[in-house]
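Scroll down for the structure; my scribbles are underneath it.
The values are calculated or read from the model by the stated rules, or taken from the named source; none is laboratory data. From a predicted model like this one, the values you see are computed outputs, not experimental measurements. Because the Cβ atoms are built from the backbone with ideal geometry, glycine has one as well, and the counts that use them run over all protein chains shown.
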Amino acid sequence: MRLEDAPPPGWYPDPEGRAHLRWWEGTDWTDERRALPITAETENALRVAVEAAASAGAAAGPHAGQRRTDTSQIVSQVRDATREELGRAGDLLSQRMQTSMEHGRSLVAEYADRVLRWVRIAVVLAALLVIAWFVFQFVAQVTLLEWLGDRIDNVTDR
């Protein structure tokens, strides 16, 4: 590309990723980046451009009224197209959110069932351990008392 054909310096979509704007200095890209403009900034810039075109058209002569009407029609068409696209994007987002929520509910139910199963297993194991401990204590006490009785009998028999 020839230097004369290069675009003028300004903010352009970043060629490395479309999520940001990058400054073109007229001959090369700089490291300066910024976020994409919000809708209000875009509409404000469009309004300023339309007003500038209208004032330039007023100075242009008899066809200025026709140009103003053409510009207004173009702006109206752009707004309508933007609204339609935003509506379509909103519908798509709603569908995806609904799908995500349904999927999330099924995941929550699945993991809740797993947790409840493990809690039940833990409760059964705890109950078995308590029962085993009581049985052991009872057997140990009976065995101890029998042993003591045998010792006492041995002492008194002598």
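Things worth noting here:
- Boolean, ARG68 is out of contact with any strand residue (DSSP E or B) (no Cβ under 8 Å at 6 or more places or on another chain), part of a helix (DSSP H, G or I) and at pLDDT below 75: yes
- Just one residue in the set ARG120, ARG151, ARG105 is charged (D, E, K, R), assigned to a helix (DSSP H, G or I), over 30 Å from LEU46 (Cβ atoms) and within 33 Å of the chain's Cα centre (by Cα); that residue is ARG105.
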